[in-house]
Amino acid sequence: MHADEYGIVLRAKGIVKGENGTWLHFNYVPGEGSVELGSADYTGRYCVIGSKLDEEALAELFACED
């Protein structure tokens with residue numbers, strides 16, 4: 001992730017809506033990340049842990065367009 005744009009991200013994980021009705025399950029720690037397709041247990045959630053986080057920029061990054 002881009003520290004200058006989003007803040008210092010130490011951990012991020014969640015489920016967000018992808019294209020064509022798919023759901024993306026993601027996990028991230030510095031230097032390692034994964035994304036897998038799966039079903040949605042919720043309508044889309046994510047959690048980002050770090051410091052100096054830009055909450056508005058992160059909300060825009062994870063925004064779901066219908």
If you take the beta carbon distance between Asn20 and Arg45 as r and set R0 to 22 Å, what does 1/(1 + (r/R0)^6) give as a FRET efficiency, to the nearest 0.05? 0.65
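Where the only charges are on Cβ atoms (+1 Lys, Arg; -1 Asp, Glu), what is the dipole of the chain about its Cα centre, to the nearest 20 debye?
The dipole magnitude comes to about 340 debye.
If you average the sequence gap of Cα pairs under 8 Å that are 6 or more apart and divide by the length of the chain, what percent do you get for the contact order?
Reported relative contact order: 38 percent.
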Explain nothing, just compute: Karplus ³J(HN,Hα) = 6.51 cos²θ - 1.76 cosθ + 1.60, θ = phi - 60°, for every residue of the range 8-19 in order, whole Hz, x for Gly and Pro. 8, 8, 9, 7, 8, 7, x, 10, 10, 6, x, 7
List the chymotrypsin sites (Phe, Trp or Tyr not before Pro) within the chain that fall in a DSSP loop (any state other than H, G, I, E or B) and whose Cβ has at most 11 other Cβ atoms within 10 Å. Tyr42
Name the residue farthest towards the positive end of the dipole of the chain from the options Tyr6, Ile49, Phe62, assuming +1 on Cβ of Lys and Arg, -1 on Cβ of Asp and Glu, about the Cα centre. Ile49
Filter the GluC sites (Glu not before Pro) in the chain down to the DSSP loop ones having no more than 15 other Cβ atoms within 10 Å, then list what survives. Glu65
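Read-outs throughout are calculated quantities, based only on the coordinates presented, and are distinct from any laboratory measurement. What you are looking at is a predicted structure, and each value in this text was computed from that prediction instead of being measured. Note: ideal-geometry Cβ built from the backbone for every residue, glycine included; neighbour counts use all protein chains shown.
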